[in-house]
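Structure, as structure tokens:
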Amino acid sequence: QVQLVESGGGSVQAGGSLRLSCAASGRTLNNYVMAWFRQPPGKEREFVSNINRGGDNTGYANSVKGRFTISRDNVNNMVYLQVDSLKPEDAAVYYCAAGGIFTTTPVRYTYWGQGTQVTVSS
């Protein structure tokens, strides 16, 4: 079992930045592929970014490529998402997830956090 807790969300103006964090407890994070998903108001959950167990392979949704950066610290059981140049359409609840496969499909991720809200004003 892995417990995931996100933090770092908030309300920012367009063009601003945030650093989202995901703290894991239970099994060590290096057993898992980690990912960030988001769910905008009234929409389905969507893939944002993922990172493999070693941290040397990452993936991004086209909508965030070049603006968001995922990283992980397996020693301290943390995953981060640096979100820069935020746009109003980035507003969503952001979720951290852990799974066994490097994929963009939400159902392939076994463990989920409770989410952290990001609000972007224009």
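Considering only Thr58, Thr110, Thr69, the mean-square fluctuation computed in a Gaussian network model of the chain, springs between alpha carbons under 10 angstrom, is largest for Thr110. Within the listed set Gly55, Gly99, Gly15, the residue fluctuating most in the Gaussian network model of the chain (springs between alpha-carbon atoms under 10 angstrom) is Gly15. Residue by residue, the stretch 53-68 carries 3J(HN,Hα) couplings of 4, x, x, 9, 9, 10, x, 9, 5, 4, 5, 10, 4, x, 10, 10 Hz when phi is fed to the Karplus relation 6.51 cos²θ - 1.76 cosθ + 1.60 (θ = phi - 60°); x denotes Gly or Pro. Over the stretch 1-64, the fraction of Cα-Cα pairs per 10 Å bin, rounded to whole percents and listed from the shortest bin up, is 17, 46, 32, 6. Using the 1.4 Å probe convention, the accessible area of the chain works out to 48 Å² per residue with neighbouring protein chains retained. In the stretch 41-82, inverting the average of 1/r over every pair of distinct C-alpha atoms gives 11.4 Å as the Kirkwood radius. Assuming charge only on the beta carbon of Lys and Arg (+1) and of Asp and Glu (-1), the dipole of the stretch 22-122 about its Cα centre is about 160 debye to the nearest 20.
Relative contact order of the stretch 83-122: 52 percent, from C-alpha pairs under 8 Å at least 6 residues apart in sequence. The DSSP beta bridges internal to the chain are antiparallel in roughly 90% of cases.
Size descriptors for the chain (Cα atoms only): Rg and Dmax, in that order, 13.2, 40 Å. Sparsely packed loop sites in the stretch 15-89 (the GluC sites (Glu not before Pro) outside DSSP H, G, I, E and B with at most 10 other Cβ atoms within 10 Å) comprise Glu44. Surface composition of the chain: carbon and sulfur atoms hold 46% of the protein heavy-atom accessible area at a 1.4 Å probe.
The values are calculated or read from the model by the stated rules, or taken from the named source; none is laboratory data. These figures come from a predicted structure and were not determined experimentally. As a convention, Cβ positions derive from the backbone with ideal geometry for all residues, glycine included, and neighbour counts pool all protein chains shown. Surface accessibility is based on the protein's heavy atoms, side chains included, excluding ligands, DNA and RNA. Shrake-Rupley method; radii C 1.70, N 1.55, O 1.52, S 1.80 Å.
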